[in-house]
Amino acid sequence: MNYPINLQNYLPLAKSIGVVFGVFLVFKVTKLVLLRYIKKATEKTKTALDDVFIERLTHLPNYFLLTLSLWAASFFLDLPQKVDRLLYSAFIIALGIEIAKLTSQAVQTLIKEFAQKHKKINETLLLFLSRISRILIWAIIILLILQNLGYNITTLIAGLGIGGIAVAFALQNILSDIFASFSIFFDRPFEIGDYIVVGQNRGTVKKIGIKTTRIESVEGQEVIIPNKELTETVLHNYGRIKYRRIAFSLGIRYETPNKKVVKAKKIIEEAIKQAPNVERLDRVYFKTFGDFALIFEIVYFMNTSDYKTYLETQEKINLKIKEEFEKEGIEFAYPTQTVILEKAQSNLQSV
């Protein structure tokens, strides 16, 4: 027995299936055709914000298209309330994630453009603001998602506020480091790449975090210092000095004639003046009579604060001095003792 098929019963299902395929088709066509022409137009603009928007649309994930199409298709079907709510919640969450990503990328782009226009702005501060902006954006989006899902965010925020006070007491050491990081970012006692000395620790700053700062020591190991400690102790920043003052001394033998002493002074002066990265020679003096040597005091300035460059320059100076001393027969002093023996003759009277 044949029963007539009532197409009206299947019409909502057909419409919903059409919506699902239609959403995917529209986005694919838009991605392949429309965005291609829009992208060429945005490349001519000065700002990169429109590029970020087009890039985000071009790379919309499939899960977003799926949740959007299923939620749109649900309008043509008589689904249980729980299913409707589930599809709506999935779409709101997916939409919130994409808005957060788009907003976050837009803020990062604005920060980069601002940094390029104002090159004197602290790069570390910009990185910190970038992180804070991402946290705030995601926090706002999560609250909006919860509100759209029917949760009372006013009660939630109030509860978080009361709980936050208790957490603050429990985590006061951690929070003190976090607040110290604000002081570092705004006061700028050092930046990434600076060579600093803090107590017994010394090295090059590699990363300034929310809680700690990481430096790479001369030996190569990573030293992690709490930010609070950096703001409560004396810190020496060698990365800010424009010139490095070098002071050293050397000694020659006491037996060296005066003419050779004067020659030694000229050799030292010429060796320093000819060395690379030397800004100026301050002084070379035959300063004092040491325990076993004639002592010269030498002071000069370099036009760089880099420690490795200082070592390379000092090495060239030392080699040049040694080479010229050998040519002139001038000998370096080394710890010696001269024992003077006097032979006393005694007239012994015999009784």
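Read the figures in this text as sums done on the coordinates, not as results from a lab. Remember, predicted model here, so these are calculated numbers, not experimental data. Quick reminder, even Gly has a Cβ in these numbers, built from the backbone with ideal geometry, and neighbours come from all protein chains shown.
Report the gain in length on full extension from Leu102 to Asn62: 0.36 nm times residue separation, minus Cα-Cα distance, nm rounded to one decimal.
Difference between extended and current length: 12.8 nm.
By how many nm would the segment from Glu279 to Leu86 grow when fully extended, if each residue of separation counts as 0.36 nm and the alpha-carbon distance is taken off?
62.2 nm
So, in nm, how far is label Lys287 from label Lys259 when the simple model puts each one 7 Å beyond its Cα toward the Cβ?
Placing both labels 7 Å along Cα→Cβ, they lie 2.9 nm apart.
Assign unit charges at the C-beta atoms only (+1 for Lys and Arg, -1 for Asp and Glu), then state the dipole size of the range 244-328 relative to its Cα centre in Debye, rounded to the nearest 20.
220
R0 = 41 Å: FRET efficiency of Ala247 with Gln221, Cβ-based, nearest 0.05?
0.90
For each pair in Lys112/Lys308; Lys263/Lys287; Lys207/Lys228, compute the distance between the two Cα atoms and list the pairs where it is over 27 Å.
Going by Cα-Cα distance, Lys112/Lys308 fall outside the 27 Å limit.
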